[in-house]
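A short reminder: the numbers here are calculations on the coordinates, not readings from a lab. What you see is a predicted model; the values in this text were computed from it and never measured. Please note: Cβ atoms are built from the backbone with ideal geometry, for glycine as well, and neighbour counts cover all protein chains shown.
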């Protein structure tokens, strides 16, 4: 009764569309009706998808991006969380400041960085040249060898503080007496980190990693701002959106959607299995 | 962050005007030993803050100086021209208005529906309760791209395409489950006695909800509402896919597709884009700093306790 509105909305905006997506993926539905009548095509879309090198490249780009960003965000976030947790003056300010990148729209941070990356007038090239780290300006975004790193750096900048906050929340639950006891026993800080902090932080770490991985796998905003739908650097989500909205190939787009869903689901299964194994 | 350290030292010196030399020497030594630590904090701070500085500096730099090398680190003739240009088209104000309408409506609807559901899930035991909770939790990580096509055709069938209603409708998918989840955890934390007292006085469950529970859970409503608002305000994929006309754009779409007033197609109007960025970002920064406690409460309820 009281749940009914919530369940109805969830059914309408999530469950029904999900079912419809699965159904569409077996059809040749086009957005502009009248080009071709929609009919059932069986597994054709999926067969095409298996041989679609553009999609394969998109998967590779997305997974690379995910691995790089989640790794850096986790390590940097951990360092920041430990620093903030160690207690220094201005800690409250620091924690508030850390929320700021999280709160601003992703496309805005992407625009800010895109301008800093500008090959002629960007501050990054200017600064690095002045510091004699590079000899001549680099076209960070258009050059394929740096494009993925450039975009990863933006995501790391935007999301690391958030990761740090999640880890910090976990750190603050660990009782201080454990460290005091370790200090009395003469255990080094380094050992304390490996023996006390990490094991006790494991649940927070796993939850954080899952959240970040799922988020990174469906990345869209930054890539759209940086590359539009440039083929060598598109993610699964960009390819899908382009197929559905720009090309209007709803049937094939639905098959891509299902594939993305399965890939993300696969990562969830891996994490959950890992958690189960750890618990035993 | 040597300034923080200095301020700390100064404050201490003020508090105890006469410090014995040995104590002072010890403090200086401690400060030196912690220098790498402060350097690390300074580095983190620089990485976090510099892009904002750069956006502000670019917003105040005249277009001519922006596209000239060597790069000016501080504008020599600061100007408001970029701000004036951005606001003169009306395009940007329209986007601000659209975003406010969409995010505001989404937040109110999600809170209205979500608080009822949160009450049911947090206060009553019934069959399928934990299944519903798991459903809501899994929905919070639902990949929005997975249903883009289906939503796209549905929205077209209901003739919502290129209308703000399309966004309000589709944004429920990521705001509602989250709101339910946060409010459930807030509701669950309330003591039983008050509710029982209301029942003894003959109040119906709905009356109890409105008169007793809702006021008590107000901090939770602020937290959940804030997070829903921010999520809706920042959303890009659906806003880009379900609207077409310039006057239906939300802020993220407007800032991405901004071409500027002069409309020179070969040069991106970075000065104006940065001005727009500053206009949008400043209120968000202020709101985040003021409401950080509420936001953190919601984030940890949503993530860590899960």
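Between helix A:144-171 and chain A there is an angle of about 50 degrees, using the helix long axis and the longest principal axis of the Cα atoms. Largest first and in whole Å, the equivalent-ellipsoid semi-axes of segment B:151-259 read 39, 15, 10, each the square root of five times a Cα gyration tensor eigenvalue. Average 1/r across all pairs of distinct alpha carbons in the protein assembly as shown, invert it, and you get the Kirkwood radius: 26.2 Å.
Mean partner shielding of peptide B:131-142, defined as the number of other chain Cβ atoms within 10 Å of each residue Cβ, is 3.
Gap in Å between the Cα centre of segment A:194-211 and the Cα centre of segment A:1-26? Centre-to-centre distance over Cα atoms comes out at 34 Å. Can you work out the base-10 log of I(q)/I(0) for segment A:122-280 at q = 0.14 1/Å, using the Debye formula on its C-alpha atoms alone? Reported log10 I(q)/I(0), two decimals: -0.94. Ratio of Rg to Rh for chain A: 1.05 [Cα atoms; Kirkwood radius as inverse mean 1/r over pairs].
Projected onto planes of every orientation and averaged, the convex hull of the alpha-carbon atoms in chain B covers 25.0 nm².
The mean sequence distance of close C-alpha pairs (under 8 Å, at least 6 residues apart), as a share of the length of chain A, puts its relative contact order at 30 percent. Relative to the dominant Cα principal axis of chain A, helix A:53-85 is inclined by about 20°.
Where does helix A:250-279 land angle-wise versus the long Cα axis of chain A, in degrees 0 to 90, nearest 10? Approximately 30 degrees, to the nearest ten.
Computed per residue of the protein assembly as shown from DSSP H runs no shorter than four, each worth -39500 (n - 2.57), the mean residue ellipticity at 222 nm is -22500 deg cm²/dmol.
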